[in-house]
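Working notes for the structure below.
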Amino acid sequence: MILLVHDDREYLREPGTELQTDLGVLEIPEEVEPGDVLTTHLDEEFRVRRLRGPDLFHHFQRTGAPMLPRDVGLVVGETGVAAGDRVLDAGTGTGVLAGYLGRLGVEVITYERDPEFAEVARENMALAGVDDRVEVRSGDVLEGLDSHSGFDAVTLDTEDAPSVVERVPETLADGGFLAVYSPFVEATRDVVEAARERLSNVRAIETIQRELDVDTRGTRPSTGPVGHSGYLVFARNV
Ligand SMILES: C[S@@+](CC[C@H](N)C(=O)[O-])C[C@H]1O[C@@H](n2cnc3c(N)ncnc32)[C@H](O)[C@@H]1O
């Protein structure tokens, strides 16, 4: 799949198909390359773009509320996961976190208890080109935990994360990291308490991002809504 971009419009299409919009009919050649410029029969231009991480966030089919790219950035920065590392993830949901990790070269096993969501996530991993290293398993991560050990990181985005954390030390390699995303502060507290009993370096943070308004009069923080997304707990198996 490729992206066809005209100003702030984007369309996801397969090479060899046709795009019909109010800007005209666009024939997409089989041999299309990123960077090509294609012209509709009304002489409107579309630039061809390969999908990258933020494009996948916008164009993945959505099921569970996806993690925002800024929270993905924190998970990657705080755990240091890198190419060749192994990550156990749950729940897959839309697969944004799993897809980003796969694009970094991380080997991911991700659990999704809703079979229909799992199927959509598999299609999303194929769209991201990471289906060879992100394995989406249908099922409850709690039931799958016994068969796993030695992971470099465990990443959780599920309501039952505190129960999963109780069993994380057996799943993590020595020095491996736990990262838990929660939308609510109550769940965050439960995760912190479960992690403190079993892991070290336990930290909880809230993620807030403030935009800057930049215009001809000057630059200042936006007066728009505060960009709160959620809470993240990090801990380490030492
Ligand atoms: C908020 S979404 C996860 C979004 C994901 N982190 C992403 O970046 O797209 C939560 C998902 O977890 C799944 N889930 C909840 N508890 C689970 C469990 N115990 N095992 C596996 N999946 C679970 C839900 O079905 C839901 O799809």
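What follows draws every value from the coordinates through simple rules; no lab data is involved. The shown structure was predicted, so the numbers you read here are calculated from the model rather than taken from an experiment. Every residue, glycine as well, gets a Cβ built from its backbone with ideal geometry; the counts of neighbours run over all protein chains shown.
Annotations for the structure displayed:
- Every Cα-Cα pair in segment 2-50 was counted, and those over 11 Å apart are 63% of them.
- FRET efficiency for the ALA173 to ASP22 pair, using the beta carbon distance and R₀ = 35 Å, is estimated at 0.05.
- Distance distribution P(r), the chain, all Cα-Cα pairs, bin width 10 angstrom from 0: 7, 28, 29, 20, 12, 4, 0 percent.
- Rounded to whole numbers, the Karplus 3J(HN,Hα) couplings from phi for segment 12-24 are 9, 9, 8, x, x, 10, 10, 10, 10, 9, 5, 8, x Hz, using 6.51 cos²θ - 1.76 cosθ + 1.60 with θ = phi - 60°, and x at Gly and Pro.
- Relative to the current alpha-carbon distance between GLN209 and ARG47, full extension at 0.36 nm per residue lengthens the span by 55.3 nm.
- Listed from fewest to most Cβ neighbours within 10 Å, the set ARG217, ARG167, ARG210 follows the order ARG217, ARG210, ARG167.
- For segment 178-184, the Karplus equation 6.51 cos²θ - 1.76 cosθ + 1.60, evaluated at θ = phi - 60°, returns couplings of 10, 9, 10, 9, 9, x, 10 Hz by residue, with Gly and Pro reported as x.
- By DSSP, the beta bridges lying fully in the chain are antiparallel in about 65 percent of cases.
- Placing unit charges on each Cβ (+1 for Lys and Arg, -1 for Asp and Glu) gives segment 173-235 a dipole about its Cα centre, and among GLN209, TYR181, ALA235 the Cα reaching farthest toward its positive end belongs to GLN209.
- With the simple spin-label model, which puts each label point 7 Å out from Cα in the Cβ direction, the ASP160 to HIS58 separation comes to 3.7 nm.
- Alpha-carbon centroid distance for the pair segment 184-233 / segment 33-92, whole angstrom: 22 Å
- Eigen-decomposition of the gyration tensor built on the alpha-carbon atoms of segment 53-164 gives equivalent ellipsoid semi-axes of 18, 17, 13 angstrom, largest listed first.
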